[in-house]
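Undergrad: First, the structure itself, so that you have it in front of you.
The values are calculated or read from the model by the stated rules, or taken from the named source; none is laboratory data. Note that the structure is a prediction, hence the values are computed from the model and not measured. In this analysis, Cβ positions are derived from the backbone assuming ideal geometry, glycine residues included, and neighbour counts consider all displayed protein chains. Only protein heavy atoms, including side chains, enter the accessible area calculation; ligands, DNA and RNA are left aside. Shrake-Rupley method; radii C 1.70, N 1.55, O 1.52, S 1.80 Å.
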Amino acid sequence: MYETVSPTVNPSDTLPGLPPQQAAKQHPEQPTTWTFTERGTGQPMTVTCMPGCILDHTNDIATPSYPGDIWCQAPRQDVTLPINSNGSPEEYRVLSSTLNVRPFDEMVSARLPFVSLEIIDDHWIEDLDPDGLETVIRTLAERLDDLREAHAELVRTRTEYAARRQA
């Protein structure tokens, strides 16, 4: 589980090289604004984190970075299920999601917040916009309806089977 940080700094309050986590303690109600050096040009670039960003951008601030490598992520909650893929059950993350933004990405759509959905341990559907995420949710909801029907059938069948065994 990731630690939640509520970073905030107004551009006028930002000190060069001040890690966002230190800045967050000063102004918890606003997203962190910070500056990094663009690796290709050597010029400073300013970025404001997505609200709720929990990433530590200290390395981005301390060393020249390519703008396309800058990204923000909100905290996620992991859920695991015991899945048997090799002869014995093992806990795998399932249906975990992250809220992200890559403000300087080549794909314009990634410059707005999007969701990446981890279907199962390290198998992702990435860069989902609201419509794409709704499509995934609708698909999973249909599967849940099928599982609920299977559950009801299982309960009926077990009850009938147990009754016959006792007869």
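Undergrad: Can you pull the one-decimal nm distance between simple spin-label points at Ser109 and Thr58, each 7 Å off the Cα toward Cβ?
TA: 3.6 nm
Undergrad: If you don't mind, another one. Which whole-angstrom value gives the distance between the alpha carbon centres of the stretch 81-137 and the stretch 141-167?
TA: Cα centroid of the stretch 81-137 versus Cα centroid of the stretch 141-167: 32 Å apart.
Undergrad: Subtract the Cα-Cα distance of Ala162 and Arg39 from 0.36 nm times their separation in residues, and report this length gain in nm to one decimal.
TA: 37.3 nm
Undergrad: Mind grabbing the accessible area of Asp122 for me, 1.4 Å probe, Å², rounded to tens?
TA: 110 Å²
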